[in-house]
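Heads up: the structure comes next, in structure tokens.
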Amino acid sequence: MAERGVQQKASDLFIECLEAEGCEYIFGVPGEENLDFLDSLSRSSKIRLVLTRHEQGAGFMAATYGRHTGKTGVCLATLGPGATNFVTAAAYAQLGGMPMLMITGQKPIKKSKQGRFQILDVCAMMGPITKYTHQMASSDNIPSRVREAFRLAEEEKPGATHIELPEDIADEHTDSRPLQRSLVRRPTADAKSIHQAVHAMENARAPVLVIGAGANRKMTGKMLLEFVETTGIPFLTTQLGKGVIDERHPRFLGCAALSAGDFVHRAIEDSDCIINLGHDVIEKPPFFMRESDGPKVIHVSTKTAEVDPVYFPHIEVIGDIANAVWQMKEAITPSPSWDFDHMLAYRRAELEHTAPLAADARFPIFPPHLVQQVRDCMPEDGVICLDNGVYKIWFARGYSAYLPNTVLLDNALATMGAGLPSAMMSAMLYPDRKVMAICGDGGFMMNSQEMETAVRLGLNLTVLILNDSSYGMIRWKQANMGFKDWGLEYGNPDFVKYAESYGAHGHRVTSSANLRDLLAHCRDTPGVHLIDCPVDYSENDQILNKDLKALSKAL
């Protein structure tokens, strides 16, 4: 680091500021407007450049870094088309609560000689989908703007930030120096609100915990487990709350993967007091409130509730969630009149209902059986990264998560194309853990070029492609809504040869037993593996809707 008072190039200062924030990787596709920045980065001993094949893949990797670590992931693109390719990844991070900083280049802003060639107002474009966006107009301001971008990206609710670095600003010289990170602790909940929440729980007949996206943070899981063990109150999760507590726990009621009508929703309906932890309106609500009656709802979060026609909590406990749960645990006296029998019966009924489905070894592969095969294959700390498709519902409902962030799915933006880059980042961060990307054929092809990146990086990774040669989720809904089956089928490449063309290992499933053997082989063999797995979604509607409603009503 240059001494104070000594001039240095602005791009060198920018890299020093990133190093001061603890940046480890920059993912991206540089352009000519980034060349000063790229040259400065080449001299960094602390930051690794990860060159991807598309800016969207870089953004998904940066967001996943933030999701796993709680620290800001950083990605890089040029101006114009490079910046626009970040838009989906920005929305993915913003809605999903993943800290990420996007750095984009720009033509000179002081003396431009190229008219409007490739020039968009990128900051205006990023404004609605980020927490912060800024065009650097002076090299002296780089330290404060980088510090602010990281601060806001990591502050609850985490999300996306953006800085545009024009090439003439990058080439300036300045004597500014990086700012130190500040020590920040989140406020704790007010004692009166804790008392009100505890009083409501103690006087309820059947309280229940709902663990949402905002509760999927470090330390929160530990406190929640202690709370459940102390009180015996059952819990369920939203899709983004999976794994906060080990789902093998006897008080686990399930994951709210469907909009309504599932066993877990019947368990919620049996409660007269819902403790809603880390509720985020980006997820489909696991329950709907009514104005005149219904259960008492306690909102526990870092921020006050966003009220809408179906969510208007009676009590709000605002502050650090882990601390709030600890305070409630210390204050509560479990009530002898609590009755959880009906709730737990719904969970037992679900397990009884799904067991024969999971054992159905038909070919093409039946989704419940696929979920069971993957769960049997993956170790406790293994990470599965789902793209978006109808299979996501099956995994959310049926795949037991044992640890936080071992089931990475997107129930916020719900974009296709993120599964492979997300798994690549997971494999980079945790080289000693087993990682699997689970993608529909449609979603995989949206960023399939990142297979080359995975091979080049020497990752150990399995990519499981669920092949039905169509956009299966939309096709399913098309049928449910009474439309004719039309416009959603396509052809696929030979995925085995496709994988091999990148230097990966390609495999094809030919039977249920073959799937089990291939999953084990790819798990235990180094390198990048792709498995082409034909799937049968023909009974989605019958199993996920009609049967479940009939069975759960009968209880």
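I'd like to check something: does segment 77-99 contain any residue that is among the hydrophobic types (A, V, I, L, M, F, W, C), assigned by TED's automatic domain parsing to the domain that holds Glu148, modelled with pLDDT of 95 or more and within 21 Å of Ala20 (Cβ to Cβ)?
Filtering segment 77-99 for residues among the hydrophobic types (A, V, I, L, M, F, W, C) gives 77, 79, 83, 86-87, 89-91, 93, 95, 98.
Checking the rest, the ones that are also assigned by TED's automatic domain parsing to the domain that holds Glu148 come to 77, 79, 83, 86-87, 89-91, 93, 95, 98.
Still in the list and also modelled with pLDDT of 95 or more: 77, 79, 83, 86-87, 89-91, 93, 95, 98.
Retained after the next criterion (residues that are within 21 Å of Ala20 (Cβ to Cβ)): none.
Among the residues of segment 77-99, not one is among the hydrophobic types (A, V, I, L, M, F, W, C), assigned by TED's automatic domain parsing to the domain that holds Glu148, modelled with pLDDT of 95 or more and within 21 Å of Ala20 (Cβ to Cβ), which makes the answer no.
Could you check segment 176-188 and list, in sequence order, the residues that are at pLDDT 95 or above and either within 18 Å of Gly70 (Cα to Cα) or out of contact with any Pro (no Cβ under 6 Å at 6 or more places or on another chain) (or both)?
Arg177
Among the residues of segment 502-535, which ones are of a type outside the set (Ser, Thr, Tyr) and assigned to a loop (DSSP other than H, G, I, E, B)?
Our first condition is that a residue be of a type outside the set (Ser, Thr, Tyr); within segment 502-535, this holds for 503-509, 513-524, 526-535.
Answer for segment 502-535, where residues must be of a type outside the set (Ser, Thr, Tyr) and assigned to a loop (DSSP other than H, G, I, E, B): Gly503, Ala504, Val509, Pro526, Gly527.
Conditions first: (1) under 26 Å from the mean Cα position of the chain (by Cα); (2) within 29 Å of Met451 (Cβ to Cβ); (3) modelled with pLDDT under 95. Leu488 passes all but one, so which condition is the exception?
Only one criterion is unmet by Leu488, namely (1).
Among the numbered criteria (1) under 27 Å from the mean Cα position of the chain (by Cα); (2) in contact (Cβ under 8 Å) with a residue 24 or more places away in the chain; (3) in a loop (DSSP other than H, G, I, E, B), which one does Thr333 miss?
Of the numbered conditions (1) under 27 Å from the mean Cα position of the chain (by Cα); (2) in contact (Cβ under 8 Å) with a residue 24 or more places away in the chain; (3) in a loop (DSSP other than H, G, I, E, B), the odd one out for Thr333 is (1).
Collect the residues in segment 391-414 that are at pLDDT 95 or above, of a type in the set (S, T, N, Q) and within 13 Å of the chain's Cα centre (by Cα), keeping them in residue-number order.
Passing the criteria: Asn405, Thr406.
Pick out, from segment 1-70, the helices (runs of 4 or more DSSP H) lying fully within it that include 3 or more residues that are touching a strand residue (DSSP E or B) at 6+ places or on another chain (Cβ under 7 Å), charged (D, E, K, R) and within 27 Å of Pro158 (Cβ to Cβ). Break it down into steps so the answer makes sense when it comes.
Working: elements: 10-20, 35-41, 55-69.
Fully inside segment 1-70 and qualifying: nothing.
Looking at the structure I just gave you, is Phe395 over 28 Å from Pro250 (Cα atoms) and among the aromatic types (Phe, Trp, Tyr)?
Here the answer is no, as Phe395 does not meet what is asked.
Taking segment 97-118 on its own, how many of its residues are touching a helix residue (DSSP H, G or I) at 6+ places or on another chain (Cβ under 7 Å) and either under 22 Å from Ala213 (Cβ atoms) or among the hydrophobic types (A, V, I, L, M, F, W, C) (or both)?
Counting residues in segment 97-118 that are touching a helix residue (DSSP H, G or I) at 6+ places or on another chain (Cβ under 7 Å) and either under 22 Å from Ala213 (Cβ atoms) or among the hydrophobic types (A, V, I, L, M, F, W, C) (or both) gives 7.
Here is a list: Gly221, Gly232, Gly261. Which entry is surrounded by 20 or more Cβ atoms within 10 Å (Cβ to Cβ) and either more than 26 Å from Cys385 (Cβ to Cβ) or in contact (Cβ under 8 Å) with a residue 60 or more places away in the chain (or both)?
Details: Gly232 fails: surrounded by 20 or more Cβ atoms within 10 Å (Cβ to Cβ); Gly261 fails: surrounded by 20 or more Cβ atoms within 10 Å (Cβ to Cβ).
Being surrounded by 20 or more Cβ atoms within 10 Å (Cβ to Cβ) and either more than 26 Å from Cys385 (Cβ to Cβ) or in contact (Cβ under 8 Å) with a residue 60 or more places away in the chain (or both) holds for just one of Gly221, Gly232, Gly261, which is Gly221.
Among the residues of segment 356-363, is any part of a strand (DSSP E or B) and either at positive phi or assigned by TED's automatic domain parsing to the domain that holds Ile438 (or both)? Give the steps one after another, and end with the answer.
Keep residues of segment 356-363 that are part of a strand (DSSP E or B), which gives none.
Checked segment 356-363: no residue is part of a strand (DSSP E or B) and either at positive phi or assigned by TED's automatic domain parsing to the domain that holds Ile438 (or both).
Quick one: which of Thr84, Thr88, Thr52, Thr72 is farther than 17 Å from Thr133 by Cβ and either in contact (Cβ under 8 Å) with a residue 40 or more places away in the chain or surrounded by fewer than 24 Cβ atoms within 10 Å (Cβ to Cβ) (or both)? Even if it seems obvious, please write down each step before you answer.
Numbers: Thr84 fails: farther than 17 Å from Thr133 by Cβ; Thr88 fails: farther than 17 Å from Thr133 by Cβ; Thr72 fails: farther than 17 Å from Thr133 by Cβ.
Answer to the selection: Thr52.
The values are calculated or read from the model by the stated rules, or taken from the named source; none is laboratory data. Being a predicted model, the structure only gives us computed values, none of them experimental. All Cβ positions, even for glycine, are placed from backbone atoms using ideal geometry, and neighbour counts span all protein chains on display.
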